[in-house]
């Protein structure tokens with residue numbers, strides 16, 4: 001009988017179950033998706049669901065062998081209604097109860113997976129969501145972290161550097177529901193980061209940036225620096241011109257810890 005530690009790889013990486021709704025996500029994101037997952041852990045289970053008799057999912061067939069994806073056939077028994085979500089949810093619960101993974105990556109923009117994400121988290125496992133900007137807030141908030149595939153698609157087409165967009169130049173929330181769900185206004189972004197720094201700070205006002213990032217993720221699971229044109233949270237913080245940033249040495253000469261605090265008026 002295996003114990004809970006067996007679900008970790010030999011390198012100590014988190015083992016992840018990757019479950020993709022092929023009828024709800026474009027195949028163009030596949031490279032960026034797996035590049036992102038590689039940062040999170042090891043893709044232990046790789047399954048992709050859809051009605052493979054439907055031409056709509058045909059582009060995914062070219063990626064199955066390249067990324068060792070196991071296709072799961074799910075016929076649409078009722079015209080105009082997909083049964084993919086049911087098959088994915090059933091498999092996810094089997095994996096959950098068998099404890100074959102430390103966490104899940106649910107790749108879909110469908111709110112039908114909201115309860116699944118909540119149930120997995122209730123069992124103490126982490127949930128990463130991947131979906132389009134149009135993904136309903138309920139599903140985004142049900143995940144520990146939600147990543148917009150529009151950001152990943154830039155990587156998939158070979159764009160390695162994105163021209164930084166100054167935070168001060170960003171437009172306020174658009175009237176479009178999709179954009180409003182994706183991007184915070186200038187003031188909302190400043191308040192989110194400022195509050196996170198205050199929550200994580202010590203008596204001198206300094207906060208470890210890693211703790212700040214965790215608090216931000218807990219408050220806004222879909223926050224991603226790439227949404228604002230920056231690769232890292234440090235770059236976003238620096239662009240706001242509200243915080244002091246300090247690098248502190250560690251016992252490892254190649255590693256430094258980043259601390260920030262709100263600038264004080266003189």
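Values in this text are rule-based calculations from the coordinates and carry no lab data. What you see is a predicted model; the values in this text were computed from it and never measured. Counting neighbours? That spans all protein chains shown, and the Cβs are built from the backbone with ideal geometry, glycine included.
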- line: Ordered by fewest other Cβ atoms within 10 Å, a rough proxy for footprinting exposure, 211, 110 read 211, 110
message: Rounded, prolate or oblate for the range 221-266? Axes are the square roots of the Cα gyration tensor eigenvalues, ordered a ≥ b ≥ c, and the cut-off for rounded is a/c under 1.5.
response: oblate
field: Potential extension, residue 186-residue 61 segment - 0.36 nm per residue separation minus Cα distance
entry: 40.9 nm
query: Could you give the nm distance between label points at residue 257 and residue 68, where each point is 7 Å from its Cα heading toward the beta carbon?
result: 3.6
task: Calculate, for residue 241 and residue 138, the FRET efficiency according to 1/(1 + (r/R0)^6) with r their C-beta to C-beta distance and R0 41 Å; round to the nearest 0.05.
output: 0.75
field: Förster radius 35 Å - calculated FRET efficiency between residue 203 and residue 35, Cβ distance, rounded to 0.05
entry: 0.30
message: Please compute the length gained on full extension between residue 250 and residue 26, using 0.36 nm multiplied by the number of residues separating them and subtracting their Cα-Cα distance.
response: 76.4 nm
query: Between residue 99 and residue 264, 0.36 nm times their residue separation minus their Cα-Cα distance comes to what?
result: 54.5 nm
- line: Plugging the Cβ-Cβ distance of residue 123 and residue 54 into 1/(1 + (r/R0)^6) at R0 = 41 Å yields, to the nearest 0.05, a FRET efficiency of 0.80
message: Taking 2.2 N^0.38 Å as the expected size of a compact globular protein, what ratio does the Cα radius of gyration of the range 12-156 give against it, to two decimals?
response: 0.96
